Structures are given as C-alpha cells and as structure tokens.
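Comments concern the structure below.
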2 protein chains.
Amino acid sequence: MSGYVRALAEHAREASLVLAASDGELRSRVIHAMAAQLDAQAERVLAANADDLARGRDAGLSAALLDRLRLDGPRLAAIAAALREIAAQPDPLAAVGAAESRPNGLQIERRRVPLGLIAMIYEARPNVTADAAALCLKAGNAVLLRGGSEARASNAAIAACLHAALREHGLPEASVSLIEDTAREHVLELLQLSDLIDLAIPRGGEGLIRFVAEHARVPVIKHYKGVCHLYVDRAADRARALSLLVDGKTSRPGVCNALETLLVHADIASAFLPQALAALAARGVEVRGCERTQAYSNAVLAATDADYDAEYLDLILAVRVVDHLDQALAHIARYGSDHTEVIATDDPAAAEAFVRRTRSSAVMVNASSRFNDGGQLGLGAEIGISTTRLHAYGPMGAQSLTIERYVVRGEGQVRHPESLGG
Amino acid sequence: MSGYVRALAEHAREASLVLAASDGELRSRVIHAMAAQLDAQAERVLAANADDLARGRDAGLSAALLDRLRLDGPRLAAIAAALREIAAQPDPLAAVGAAESRPNGLQIERRRVPLGLIAMIYEARPNVTADAAALCLKAGNAVLLRGGSEARASNAAIAACLHAALREHGLPEASVSLIEDTAREHVLELLQLSDLIDLAIPRGGEGLIRFVAEHARVPVIKHYKGVCHLYVDRAADRARALSLLVDGKTSRPGVCNALETLLVHADIASAFLPQALAALAARGVEVRGCERTQAYSNAVLAATDADYDAEYLDLILAVRVVDHLDQALAHIARYGSDHTEVIATDDPAAAEAFVRRTRSSAVMVNASSRFNDGGQLGLGAEIGISTTRLHAYGPMGAQSLTIERYVVRGEGQVRHPESLGG
C-alpha cells in the first residue's frame, strides 16, 4: 500500500467534519455554484472529454462504452440541471424525526446526521462525478471519487469546477476528493480504510461490483443486476400490458431497470401473446420461451433455466406462461434479483397480493419498470441503487446518505438515583 | 461445512416469507402468547437454567459470567414483561412512509417490509433468546439464534416456549430457529450464507464481535465498545454534574453505556474536581488523570493515551482538565467510540455546539449516559446497539429490523411513449 489514498482519505475525513457542522442553506448555494461553474467552464470540460474519447477510440473501446463516456452540450447541461434540482431539495439534515417525552421527563429527539465520508467507485460515466459530489454534499458528507481511467481527463475537469465552487464559499476542496491516479492497487487500498470511510458505493458492471464486495473491509451498498419481471395477469388491460412490455424491454435495453422476463397468465395467453410476440419481433427482440409460448410462434427459441436467470441487457426476452399468480410469484422468488417487478392487472386483489408477496425494492402496478430510477421517483439524481434490504432499498438519494441519532435532553436525570446516596 | 446450519437457515428463510405476508395483529398475539408460555413453563425454564449454572460452576466460569447466565423468578418475569411491551408497540410494517404523486400521475408510496432472516450470535445471556425472537417477529422477520454453549439448556427451554406460541397460532416454528449444536464451525458456516441471511447481529465481548466481523460474508451490524465521555462545562450545575458522574460511572460499571472518561472545563475544575474525586474515592473508583487533575489528589495516577482509549468496564475512570469546549470535542473526536457522550451545562449555546459537533449515536444534555438503552429510549427491548452510521445508529428496536421499499401505481404509464409507435 502506497499510502496515497490514505492521505487523500484523511483530508476528506477532516473536510467531512466541517460539512457535518455546516449550514444546509450554504451547502445548497455551493451546489448551485457547482452547476454555474459547469456551465461557465463547459468548453474546458468538453475539450477534456474529447481527449478521453480520442484515447478511448485508440484503445479500441466498444461503441457502448464510448457512448457512456461521451459528453456534449446537452448532456453537460443536463448534469448542471440535475445539480440544480438537488440544490433545490429540502435539507435532509433538517428533517425532524420522531420526538418523545419519557415518563422521567427526558426529551428524546431523533436528529439526522451525515454518514461521514463516502467512497464512490465507478466506471466510464463522467456524470457520476458531479451527481455523487452534489448528493454527498447535500447531505453533509465528504466524498472520495474513483472514476474509471478512460474518463480521467473528463473527471479532472469536472472536479476542477466543483472545487472552484467549494473555494468560492469557503468550504474545503477536500470535501470532493478525486483519486486522479487510477491504478487498481489504489482501489484495494481504499477498500481497507475502515477507520476513515463510512460507506463505499460501486457503480458499474458486475465484475467491478463483485471485486469491491469481495475486497471491502468498509461497508458496501450495491446491486449486482436487475432481472426485472412483467407479470400480465388474467385481468390485465391488454393494450396497457403491451405498452408496459414494449417500453420496459425496448426503450433502453442496456440498463438495470429494463425488463428481462415476461410472465403471462394462461387465461390471457391466447389473446395477448400473439400480439405481444408480433410487437417484439417488429422491434427486433429475440424471444426465448417456455413450451406454451413456443406454440404461438416458430421464431421463439426454447428458454432454459439460464434464460430465466439472465440479465440480458440486450434485445432478448424470456417468456413463460403461468397457470396462476402463485406460479408467477414462485418464479419471481426463484429467479428474481430484488430489483423491480411489474404487474399489469385491473384486479385490485391481484395487485395487492403481488405487492405484498414480492420482496423487490420496487413493485409497479400498471407502470413501466423503467420508472425505478431516482429521478423518476422524485429523488432528484440517485447515487446508486440498493438491492439489499439494509440501510437503503431501491434508488438512493441524498436522504439515504444520512442516519438518525439520538439527542436526549434532561435536567440531571440519572438511571439509578439510589446509587447517589452515601 | 456440514450443511447443518444451511438446512436450518433454508427453513427459516421459508418461514420468513410467511411472516412477511402475515398480519401485524397476529404477530402481536403470538408475542403475547410467548410471554404467557414463559410464565406457564417457568419451572421448566428455571430447571434447565439450574443445569446450565451447575455445568458452568463445574467448568469454572467467572462470577460475572454466571451472573449473566442466571435466571430466577423475577428475571424470567422481566423477560415476559419485555415481550408484552414489544407486543403492545405499533406494528412497524404498518407505518406509512412518504407518499407522493408525480406530474405524470404515478402514485409513489414507500412501504416498510421486513429485512427477511436475521442471525443473532450471542454469549451467555438467555434473555437475548426471547428478546431477539420477539423483536424479529414483531417486524415480520424470521430469526436464526446461536447462543453460547454455556446457556444451551436455558436457550432450548426458552425456545420450546416460543415454538409452542408459534404453533398455537399456526405460524411456522422455523420462524424462530435455534442452532442447538454450538460447535464454533457452525458459526463460520452461518456467516457465509449470504444467499439466505439478510443481517447478522453479534452481541457479546469484543472477541466475539471481531470474529464475526472478520469472517462474515453477510451484512453485520455491531458495536465494539463504549468509551463514553462526560464533559462538565464551565456553566455546569455542579450538583447535577456530580450526579451524572456517579450514576454514569458506578451504577453498573460493566456495561457499554457506563462512563469511562470525565472531561472538566478548567474554569470549573477547582470548584468541581475536589468534590468529584472525593465522591469517586468513596465509591472505590480508581482515577487516572492528567497533570492538572493530579494536582487535586495524591490518589490520582497519571493517565496515558491508553487510558483515554480504554473501555474499562470497571471502577476505573480517566479524568482530564480541558481549556475549552473545543478541546473537549477534539478529545472525544480522537478517543471516542461513537457510542454516548454527555454534556453537563446550563449554557444552551454550549449544549447545542456539543450536540452538533459530536458524532456519537447518542448525545445527552444533562442526562446520564446510562439512558442510552432501547428500553430507556422508548423502544421496548433492543436487539443490539449500532455504533456505525449505516442502517441504524444507536439502540435498535423492531423498526430497525425493517426497510422501506417503493410501491408505484399507475394507469399504464411508460417512460418513453415514442418507443411504442410503429
């Protein structure tokens, strides 16, 4: 271990103490100033991004990776707009929790405090640099950012904007600390710093996330994958169900809230599936189905267990006909990833049973899986999605970067007055 | 790995699905029935406990350990009373979170769900068996209990009462699963079951907790130690400060919310310390102080860095005179364990600064450190205390065993309507 990351983390930790005691109004102004700096320095940021893109093309990066890496005027403006949305949200530290007066006169209050120092470990997307910094700052946390080497110049240019805004308002630049040397050993070093880092959030491919989860001595919040299901109930409105299917599978197949499996109630299969398979075929979606599904089209390949387990992230869909809701629920319990499940139904009892008996972070009744996203759910941006039921479940906004503590006020109360005598 | 624990955990996992869909009213009735069973079978439980105690004495267990292990009529009645208190609490799963309507008409609701399956790993205290089972059940979780071998017979007898209550109300016995074979290899097996166990909570000595934290592949919530501070401000009421000191240090020195260090503002030291040192000496408390403290009594030994770091759990106290609040805060930041800090002051500005600038799970203004306890803070019993700022911070009651998820209701809304055309 070189100590390079420890030194950065120590400074960031000191900055986190300043932020924890800072005013919410001030933190909001700084985030507005960050957006303004991104606007003002757009040319520099785009030039740095062009360098990254040129290097990436020379290195033979895939088109998908280059697309994630690419910034342009509108994308940069969208990043600034997300920062302004975060700045405009209420201060998560000002939220007053339950307060209570005890029989002995003690006043018990629950007050939100920041987590402290958050480490973000991510890949090619430079927007994460700005989003994560703004969300952490909003909640009074310092952040240690380790982006992918392919976005090195873009991240440095964005960080320069963020630092200018922090300086402008007298907050320490170390509040947003960028690990500029992207050697992988530094990630390992970072993951050991359990005395300095309160939480690590990895964002990227499953390989990165498993690497972080396996090596971390600091707490990690993560999600591995999204195997999202649409269950078309026998009481579904077929036109709606078709919309949910097409939007869920095809509007952006490469993201974690896209649909991967369609489950169809046997009673509606003969009315719904031919139409659905035609719509999918028209959009170039390859279908892998159970035997009953295959009966509706020669183009349907046979689905295996591996298909029901797969997060395709591509124009491929697994389809299965089920006899009843219970069978759909059993399928989801076995193959699901606790990410997002959708039911299309006009039967309130079926909807409520589906809601109660699925365990995923988000359950949608007659709405697209693609809405499981921090922005769509009203959180502004999101710093990540959790598919483990601990601390946060689903998209994480600024409030997920805080925790409640106890503040107790008394007038000298003691627990064992009898111990005072003598 | 023998698979013995995996098989138990698989059954408990299945039970957790039943509990997650169960009614809060029913779960409350079962907890009442558990209390009734403990009352009705008190003789059997006490006889089993007598066996454990006899075995423990033969094995040469310390008096302190035997005391933790010992049950008697009043202690068993207190356990049953704690269960009734938990049963009477509001259903944590019924708490309605923030609800919101989005501009596109989506109804976003946050609904609490159980964590799933909780593993408790603890030592000699048999009351944990009942407390943990009741808190987990209250929140709709199944629990896998691994108590210490010295309490084997007591835990089995208590578990028999809990199972009788579950059976009586048609809930699976595996909802409360006791690992009866206490071989240590089974703990290791348990800690690897990340596909079945949602959270592990170790309770006991620092050795057990470090063992769990180091070997766990499942999430762990824990606290290592409580180095709790009392800061006597220059504006403190001296009589009150003395009560807080004596109660905090001497009412039960062996627990984690006992005081370990006293910090005294220099302006009040000459008025407060002689009185405080006399009161401590009268109660047999050994004092290790800074040079300025030593000036007040020949009996005060010199404090070292190790003393400021120590959780004595004994009648020993470290004492330091500080020049101002900032120095007290710096001391706590350096040596504290994020457990409990107390300020004695009549100055509201000093109190507020102390609250804002300490990071511990509980901060007390003019109240004893000994109140940082689930029962005292109104949670009923507590399943553990967390001193890490993730998921829970401070004493954990039933609500800390739940998490919010998203329930979204729509009328067929999709994210990209343009993708539907064609």
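Would you point out the residue of segment A:78-126, among those that are farther than 24 Å from B:S361 by Cα and of a type in the set (D, E), that is farthest from the other protein chains (Cβ to nearest Cβ)? Spell out how you get there, then give the answer.
Restricting attention to segment A:78-126, the residues satisfying the condition of being farther than 24 Å from B:S361 by Cα are A:78-89, A:120-126.
Filter again for of a type in the set (D, E), leaving A:85, A:123.
Working: A:E85: 13, A:E123: 23 Å.
Per the stated criteria, the residue is A:E123.
Give the residue that is farthest from the other protein chains (Cβ to nearest Cβ), with candidates limited to residues of segment B:224-241 that are at pLDDT 95 or above and surrounded by fewer than 21 Cβ atoms within 10 Å (Cβ to Cβ). Before the answer, list the steps.
Start the filter on segment B:224-241 by keeping residues that are at pLDDT 95 or above, which leaves B:227-241.
Okay, now just the ones that are also surrounded by fewer than 21 Cβ atoms within 10 Å (Cβ to Cβ), so B:234-235, B:237-240.
Working: B:R234: 17, B:A235: 14, B:D237: 7, B:R238: 11, B:A239: 8, B:R240: 4 Å.
Looking at the filtered set, the residue picked out is B:R234.
Only one of (1) over 30 Å from A:L93 (Cα atoms); (2) buried (at least 24 other Cβ atoms within 10 Å of the Cβ); (3) at the interface with another protein chain (Cβ under 7 Å from one of its Cβ atoms) fails for A:S369. Which number is that?
(3)
In the set B:A153, B:A174, which member is part of a helix (DSSP H, G or I) and within 18 Å of B:L71 (Cβ to Cβ)?
On inspection, the qualifying residue turns out to be B:A153.
Return the pairs, sorted by first residue and then second, in which the second residue is in a helix (DSSP H, G or I) and of a type in the set (S, T, Y), the first residue lies in segment B:268-284 and is more than 23 Å from B:A328 (Cβ to Cβ) and free of Cβ contacts under 8 Å to residues at least 40 places away in the same chain, the beta carbons are less than 9 Å apart, and the residues are 6+ apart or on different chains.
Note: pairs meeting the criteria are B:R283/A:S419; B:R283/B:T250; B:G284/B:T250.
Taking the residues in segment A:344-366 that are touching a Phe, Trp or Tyr at 6+ places or on another chain (Cβ under 8 Å) and either among the polar types (S, T, N, Q) or in a strand (DSSP E or B) (or both) as candidates, determine which candidate is farthest from the other protein chains (Cβ to nearest Cβ). Please lay out each step first, then the result.
Of the residues in segment A:344-366, the ones touching a Phe, Trp or Tyr at 6+ places or on another chain (Cβ under 8 Å) are A:344-345, A:354, A:361-365.
From the residues that got through so far, the ones that are either among the polar types (S, T, N, Q) or in a strand (DSSP E or B) (or both) too are A:344-345, A:361-365.
Values: A:A344: 8, A:T345: 11, A:S361: 5, A:A362: 4, A:V363: 6, A:M364: 5, A:V365: 5 Å.
Among those that are touching a Phe, Trp or Tyr at 6+ places or on another chain (Cβ under 8 Å) and either among the polar types (S, T, N, Q) or in a strand (DSSP E or B) (or both), it is A:T345.
Considering every residue within segment B:245-256, establish whether at least one is within 28 Å of B:P114 (Cβ to Cβ) and assigned by TED's automatic domain parsing to the domain that holds B:G289. Show your work before the answer.
Step one: of segment B:245-256, the residues within 28 Å of B:P114 (Cβ to Cβ) are B:256.
Going one step further and asking which of them are assigned by TED's automatic domain parsing to the domain that holds B:G289, we end up with B:256.
Yes, the conditions are met somewhere in segment B:245-256.
Within segment A:177-197, is there a residue that is in a loop (DSSP other than H, G, I, E, B), of a type in the set (S, T, Y) and without any contact (Cβ under 8 Å) to a residue 60 or more places away in the chain? First the steps, then the outcome.
The initial filter retains those residues of segment A:177-197 that are in a loop (DSSP other than H, G, I, E, B), namely A:179-183, A:192-197.
If we keep only those that are of a type in the set (S, T, Y) as well, we get A:182, A:194.
The next check asks that each one be without any contact (Cβ under 8 Å) to a residue 60 or more places away in the chain; those that pass are A:182, A:194.
Yes.
Just give me the residues in segment B:4-25 being free of Cβ contacts under 8 Å to residues at least 12 places away in the same chain and buried (at least 17 other Cβ atoms within 10 Å of the Cβ), in sequence order. Explain how you work it out, then say what you get.
Initial filter on segment B:4-25 (free of Cβ contacts under 8 Å to residues at least 12 places away in the same chain): B:7, B:17, B:21, B:23.
Scanning segment B:4-25 gives a single hit, B:L17.
Among the residues of segment B:198-217, count how many are touching a residue at least 40 places away in the same chain (Cβ under 8 Å) and either in contact with a Cys (Cβ under 6 Å, 6 or more places away or on another chain) or of a type in the set (V, I, T) (or both).
The total comes to 2.
Could you name every one of the strands (runs of 3 or more DSSP E) located completely within segment B:50-147 that has at least 3 residues being surrounded by fewer than 24 Cβ atoms within 10 Å (Cβ to Cβ)? Walk me through it before giving the result.
Numbers: elements: B:96-101, B:107-114, B:117-122, B:142-146.
Ranges flagged: B:96-101, B:107-114.
Give the number of residues within segment B:1-36 that are over 23 Å from B:A157 (Cα atoms) and touching a His at 6+ places or on another chain (Cβ under 8 Å).
Of the residues in that region, 2 qualify.
Any chance you could count how many residues in segment A:372-421 are at the interface with another protein chain (Cβ under 7 Å from one of its Cβ atoms) and either in a helix (DSSP H, G or I) or among the small types (G, A, S) (or both)?
Number of matching residues: 6.
Any chance segment B:89-108 includes a residue that's without any contact (Cβ under 8 Å) to a residue 24 or more places away in the chain and farther than 30 Å from A:A98 by Cα? Give the derivation first.
Of segment B:89-108, the ones without any contact (Cβ under 8 Å) to a residue 24 or more places away in the chain are B:90, B:96, B:98-103.
Right, trim to farther than 30 Å from A:A98 by Cα and you get none.
Among the residues of segment B:89-108, not one is without any contact (Cβ under 8 Å) to a residue 24 or more places away in the chain and farther than 30 Å from A:A98 by Cα, which makes the answer no.
What residue, of B:D309, B:D305, B:D323, B:D338, is more than 18 Å from B:P253 (Cβ to Cβ) and touching a helix residue (DSSP H, G or I) at 6+ places or on another chain (Cβ under 6 Å)? Talk me through it step by step, then tell me what you get.
Numbers: B:D309 fails: more than 18 Å from B:P253 (Cβ to Cβ); B:D305 fails: touching a helix residue (DSSP H, G or I) at 6+ places or on another chain (Cβ under 6 Å); B:D338 fails: touching a helix residue (DSSP H, G or I) at 6+ places or on another chain (Cβ under 6 Å).
Of the residues listed, the single one that is more than 18 Å from B:P253 (Cβ to Cβ) and touching a helix residue (DSSP H, G or I) at 6+ places or on another chain (Cβ under 6 Å) is B:D323.
In segment B:368-390, how many residues are within 24 Å of B:R27 (Cα to Cα) and modelled with pLDDT of 95 or more?
Selection size over segment B:368-390: 0.
Which of the following residues is more than 9 Å from chain B (Cβ to nearest Cβ) and part of a helix (DSSP H, G or I): A:I209, A:I201?
A:I209
Scan A:R252, A:R283, A:R292 and give me the residue that is away from every other protein chain (no Cβ under 14 Å) and of a type outside the set (S, T, N, Q).
Values: A:R252 fails: away from every other protein chain (no Cβ under 14 Å); A:R283 fails: away from every other protein chain (no Cβ under 14 Å).
After ruling out the rest, the residue left standing is A:R292.
As an exercise: evaluate A:N141 against (1) more than 12 Å from chain B (Cβ to nearest Cβ); (2) closer than 20 Å to A:L171 by Cβ and give the number of the one condition it does not meet.
With respect to (1) more than 12 Å from chain B (Cβ to nearest Cβ); (2) closer than 20 Å to A:L171 by Cβ, A:N141 is out only on (1).
Does any residue of segment B:184-191 turn out to be closer than 26 Å to A:H391 by Cα, within 25 Å of the chain's Cα centre (by Cα), of a type in the set (D, E, K, R) and crowded, with 21+ Cβ neighbours inside 10 Å?
Of the residues in segment B:184-191, the ones closer than 26 Å to A:H391 by Cα are B:187-191.
The next check asks that each one be within 25 Å of the chain's Cα centre (by Cα); those that pass are B:187-191.
Keeping just the survivors that are of a type in the set (D, E, K, R) gives B:189.
Right, trim to crowded, with 21+ Cβ neighbours inside 10 Å and you get none.
The answer is no; no qualifying residue exists.
The values are calculated or read from the model by the stated rules, or taken from the named source; none is laboratory data. If you're wondering where the values come from, they're calculated on a predicted model, not measured in any experiment. Cβ sites come from the backbone with ideal geometry, for glycine too, and all protein chains shown count toward neighbours.
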